[in-house]
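Student: Starting off with a structure, shown below.
The values are calculated or read from the model by the stated rules, or taken from the named source; none is laboratory data. All values reported here derive from a predicted model rather than from experimental measurement. Cβ placement follows ideal geometry from the backbone for every residue including glycine, while neighbour counts extend to all protein chains displayed. Side chains are part of the model used for accessible areas, which takes the heavy atoms of the whole protein and leaves out ligands, DNA and RNA. Shrake-Rupley method; radii C 1.70, N 1.55, O 1.52, S 1.80 Å.
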Amino acid sequence: METSSAAAFAQAQQLIPGGVNSPARAFGAVGGGPRFIDRGAGARLYDIDGEEYIDYVCSWGPLIFGHAHPRVVAAVQDACARGTSFGAPTPVETDLAARIAAMVPAVEMVRMVNSGTEATMSAVRLARGHTGRDKIIKFEGCWHGHGDSFLIKAGSSALTLGAPDSPGIPQGVADSTLTVAYNDADAVRTTARDNSGQIAAIIVEPVAGNMGTVLPRAGFLQALRQIADEEDIVLIFDEVITGFRVGPGGAQAHYGIEPDLTCLGKIVGGGLPAAAYGGKREIMQNVSPLGVKVSQAGTLSGNPLAMAAGLAQLEMLGEPGVYESLEATSAALAEGMAENLRRLDLKYAINRVGGMMCMFFTEREVVDFASVGTVDLERFNCYFWAMLERGIYLAPSQYECMFPSVVHGDAEVEETLRSHYEALKAVH
Ligand SMILES: *Cc1c(COP(=O)(O)O)cnc(C)c1O
């Protein structure tokens, strides 16, 4: 019998490319159709077929307090009743900016935008405007949204010119993006020296969260800071995932390394479309209408509904015990999963820091894109469906993180670990 989700998907495909407004939602990697969602409540998600799931996607990261948290809902309703948008400044924008600056060590000034993509694109433009240079260094397997400069893969060597990853990207843009392997500080050093005086920015996910979860090796972020200092390069941390998820001050506070610019998104918008980029006053003062007037604008930027939702979440994140609770839940999940693997005599890698984690279907240590490439994708896909059947909603791809929220409690952890054991057993 055809489900309502299947019917909705068929209909959507007639009108929306692939039936979705962001490709990962299509379940293409795991084969099969997506669940269409009716509503969410706390840690749980309900599809239009009436199925209930424990949600570990959490809108791909933003929902650190789960779905429809009463305080976020109230903040949005209150803002909404006073008008949805003005195209003129509102005090809540400064309130959120102040919160961000108080929480994130390397942010003195911040500009609000509407998506993580906008944040990274704007940060790179600013770095280019500030330095008067064109090239950037990025890392293989890191995702910075869909800006032209980021959809570039390196060839076999870090020094080959990039080739576009997608049709529609001019070769000229590709030529300015140099890609090196994650965690390979020597390759960054060589690339920076070979292109001395030409590199505007190094952009990195300080914990990579778009090839599963890949942690920075000890000293890696420090080396980036040092190379950037030596070569007068702007160091950009893309903390769109890690910001407020690995700790209140993001990865930069967790690892004690300060970038020049920081990109935020996801959690900062409280589940509404908001993101931000910020950093040292000296650099941020080049953004239009100030300084050298690096252009960047937005009709809905700093939208009062999105600001209210983001502010509500950041305020709650400032309350005592919240990060301890997220850490306890995440640790219990990771440790329980490791215990399940031992019981089944499996040796898969689990990477975790704070509230982001990934179980990789490989026995190799996962430290970069090449080691991620050793995963058994077919096995992951079977596991994904086995979990979904048991009511656990994971991201439909091995290259994504599991995102527990603060409202995932003992009951959810227990149910998840039981399903995890059963699902692994079923697929081996
Ligand atoms: C999600 C993400 C982005 C892009 O954010 P959007 O809001 O989807 O445009 C950029 N960087 C990282 C690290 C992300 O995870």
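Student: Could you run through the stretch 260-292 and say how many residues are open to solvent by 40 Å² or more (accessible area, probe 1.4 Å), away from the ligand (no atom under 16 Å from the Cβ) and either of a type in the set (S, T, N, Q) or touching a residue at least 40 places away in the same chain (Cβ under 8 Å) (or both)?
Tutor: Residues in the stretch 260-292 being open to solvent by 40 Å² or more (accessible area, probe 1.4 Å), away from the ligand (no atom under 16 Å from the Cβ) and either of a type in the set (S, T, N, Q) or touching a residue at least 40 places away in the same chain (Cβ under 8 Å) (or both): 4 in total.
Student: Scanning the stretch 127-184 for residues that are of a type in the set (Lys, Arg) and at pLDDT 90 or above, which turns out farthest from the ligand (Cβ to nearest atom)?
Tutor: Among them, the one singled out is Arg133.
Student: Has the stretch 350-368 got any residue that is at pLDDT 95 or above, surrounded by fewer than 17 Cβ atoms within 10 Å (Cβ to Cβ) and outside any loop (DSSP other than H, G, I, E, B)?
Tutor: no
Student: Is it true that some residue in the stretch 206-217 is more than 16 Å from the ligand (Cβ to nearest atom), of a type outside the set (S, T, N, Q), in contact (Cβ under 8 Å) with a residue 12 or more places away in the chain and open to solvent by less than 10 Å² (accessible area, probe 1.4 Å)?
Tutor: Looking through the stretch 206-217, none of the residues is more than 16 Å from the ligand (Cβ to nearest atom), of a type outside the set (S, T, N, Q), in contact (Cβ under 8 Å) with a residue 12 or more places away in the chain and open to solvent by less than 10 Å² (accessible area, probe 1.4 Å).
Student: Could you check Ala101 against (1) buried (at least 19 other Cβ atoms within 10 Å of the Cβ); (2) touching a residue at least 40 places away in the same chain (Cβ under 8 Å); (3) assigned to a helix (DSSP H, G or I); (4) not basic (Lys, Arg) and say which number it fails?
Tutor: (1)
Student: Would you pick out the residues in the stretch 208-236 that are out of contact with any Lys or Arg (no Cβ under 9 Å at 6 or more places or on another chain) and under 26 Å from Thr374 (Cα atoms)?
Tutor: Across the stretch 208-236, the qualifying residues are Ala208, Asn210, Met211, Gly212, Val214, Pro216, Arg217, Ala218, Gly219, Phe220, Leu221.
Student: In the stretch 98-126, which residues are of a type outside the set (A, V, I, L, M), farther than 18 Å from Pro206 by Cβ and touching a Lys or Arg at 6+ places or on another chain (Cβ under 9 Å)?
Tutor: Those that are of a type outside the set (A, V, I, L, M), farther than 18 Å from Pro206 by Cβ and touching a Lys or Arg at 6+ places or on another chain (Cβ under 9 Å): Glu108, Ser122.
Student: Continuing with the same structure: Pairs needed: first member in the stretch 228-239, away from the ligand (no atom under 16 Å from the Cβ); second member anywhere, open to solvent by 30 Å² or more (accessible area, probe 1.4 Å); C-beta distance under 8 Å; at least 6 residues apart or different chains.
Tutor: These pairs meet every condition: Glu231/Arg193; Glu231/Ser196; Glu231/Gly197; Asp232/Thr131; Ile233/Thr131; Val234/His130; Val234/Thr131.
Student: To continue, here is another question. For the stretch 58-91, which residues satisfy the criterion of being part of a helix (DSSP H, G or I) and β-branched (Val, Ile, Thr)?
Tutor: If the condition is that a residue be part of a helix (DSSP H, G or I) and β-branched (Val, Ile, Thr), then Val72, Val73, Val76 are the ones that fit.
Student: Quick one: which of Pro34, Pro23, Pro62 is surrounded by fewer than 15 Cβ atoms within 10 Å (Cβ to Cβ) and either touching a residue at least 60 places away in the same chain (Cβ under 8 Å) or out of contact with any Asp or Glu (no Cβ under 7 Å at 6 or more places or on another chain) (or both)?
Tutor: Pro23
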